[in-house]
1. From the list Thr148, Thr170, pick out the single residue that is in contact with a Leu (Cβ under 9 Å, 6 or more places away or on another chain), among the polar types (S, T, N, Q) and either modelled with pLDDT of 95 or more or within 21 Å of Ile2 (Cβ to Cβ) (or both).
2. Condition first: surrounded by fewer than 16 Cβ atoms within 10 Å (Cβ to Cβ), among the aliphatic types (A, V, I, L, M) and not in a loop (DSSP other than H, G, I, E, B). Now tell me which residues in region 298-330 satisfy that.
3. Taking Tyr106 as meeting all but one of (1) more than 20 Å from the chain's Cα centre (by Cα); (2) hydroxyl-bearing (Ser, Thr, Tyr); (3) under 19 Å from Arg169 (Cβ atoms), write down the number of the exception.
4. For region 43-73, which positions are surrounded by 11 or more Cβ atoms within 10 Å (Cβ to Cβ) and hydrophobic (A, V, I, L, M, F, W, C)?
5. Name the single residue that is surrounded by the fewest Cβ atoms within 10 Å (Cβ to Cβ) among those in region 114-140 being outside any strand (DSSP E or B) and of a type in the set (A, V, I, L, M).
6. Residue check: is Lys279 over 22 Å from Tyr137 (Cα atoms) and in a loop (DSSP other than H, G, I, E, B)?
7. Does Asp116 qualify as being within 18 Å of Glu145 (Cβ to Cβ), touching a helix residue (DSSP H, G or I) at 6+ places or on another chain (Cβ under 8 Å) and either at pLDDT below 90 or charged (D, E, K, R) (or both)?
8. Here are the criteria: (1) surrounded by 14 or more Cβ atoms within 10 Å (Cβ to Cβ); (2) touching a residue at least 40 places away in the same chain (Cβ under 8 Å); (3) of a type outside the set (Asp, Glu). Tell me which single one Asn40 does not satisfy.
Amino acid sequence: MIETIYVERAIKNHPRTKKILKKFKKSRIISIYKYGEIFNKRNQNFRIQKANPSLILAHKKDSFVLPAPEGFGIGASKNFYFSHMYNCMYDCRYCFLQGMYSSANYVIFVNFEDFDIAIKKTIEKNIGSKVTFFSGYDCDSLAFENVTGFAEHILSFLSLHPQIEIEFRTKSVQKEPFLSMKPIQNVILAYSLMPELMSKALDNKAPSISKRINVISELSSRGWKIGLRFDPLIHGKNWKELYQDLLDNIYQSISIENLHSVSFGSLRFPKRMFKDIFKLYPKEPLFAGPLSLNKKMISYDIEIEEEMTSFCKNLSLKYINKDQMFKCSI
């Protein structure tokens, strides 16, 4: 239950604002001038705020589409991302958002049509290049779909541009609007995954791995393209047995012909970001693992990272082709 919703005055009468507010009839509505008044305030405590976040409805003015960080991609020559929302309803202990933002409140930008325009301009500027757009870099792209309706909106637009790809990255078990639509071949539904035992300790508030696999199985059987994102790979006791069970289970549960890609990435944080996250959770066992400073990043030792990636890739080769596998290294 969201107790408080802040609404920018400029979009208080926007049809999408009114539609969202109807879903929260018991919430307190507070008018504001700019979302930064609330979201960017100093001396906020992310950990305390995360227990009861507020919702902020806002109008995004610029930076609708941005180049994806180097090392983030699944084979395209040009990679971009967009964020219709800031922050996530889940509370995963390794999430970089808790080190990026001082606020745990959710921000939803209601001017979806401006994203359409920016995406179209980006496509036109990159004619002749293989382009992938990523939704879900600053949020979980589907977890709040019942509130935002963003995926349903953007799918109708992107179906007109089959020459590009779009990835929705998520931990959610949200199946709509996908079950109600015919599969769109340039859309990838990408799921973040780790062994169930690890997920129970680290993926706070997120659906269980078994539930995610069930959704992956159903949507892949309907013809939707699926991405598997083992990012981050988590080191720990019996990690080989845990990842072998996970990988075998997933590959045997889905329609392999509709598996688009698989990517692997190790646990890693920029040094400054790690410092901020560690302050929030100083007793978290995850941060007491075999981590070290490597090229301004806090991560596992290179030997551990390479061992885990190679192990998972070799297991995956029993089911998929090498050219379907990618390494995420941001």
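1. Details: Thr148 fails: in contact with a Leu (Cβ under 9 Å, 6 or more places away or on another chain).
After ruling out the rest, the residue left standing is Thr170.
2. Matches in region 298-330: Ile302 only.
3. Just one mismatch for Tyr106, condition (1).
4. Within region 43-73, the subset surrounded by 11 or more Cβ atoms within 10 Å (Cβ to Cβ) is 44-47, 49-50, 52-61, 64-69, 71-73.
Residues satisfying the conditions are Phe46, Leu55, Ile56, Leu57, Ala58, Phe64, Val65, Leu66, Ala68, Phe72.
5. Ile127
6. So Lys279 does not fit the description; no.
7. Values: within 18 Å of Glu145 (Cβ to Cβ): yes; touching a helix residue (DSSP H, G or I) at 6+ places or on another chain (Cβ under 8 Å): yes; either at pLDDT below 90 or charged (D, E, K, R) (or both): yes.
Criteria met by Asp116.
8. Every condition holds for Asn40 apart from (1).
The values are calculated or read from the model by the stated rules, or taken from the named source; none is laboratory data. What you see is a predicted model; the values in this text were computed from it and never measured. Note: ideal-geometry Cβ built from the backbone for every residue, glycine included; neighbour counts use all protein chains shown.
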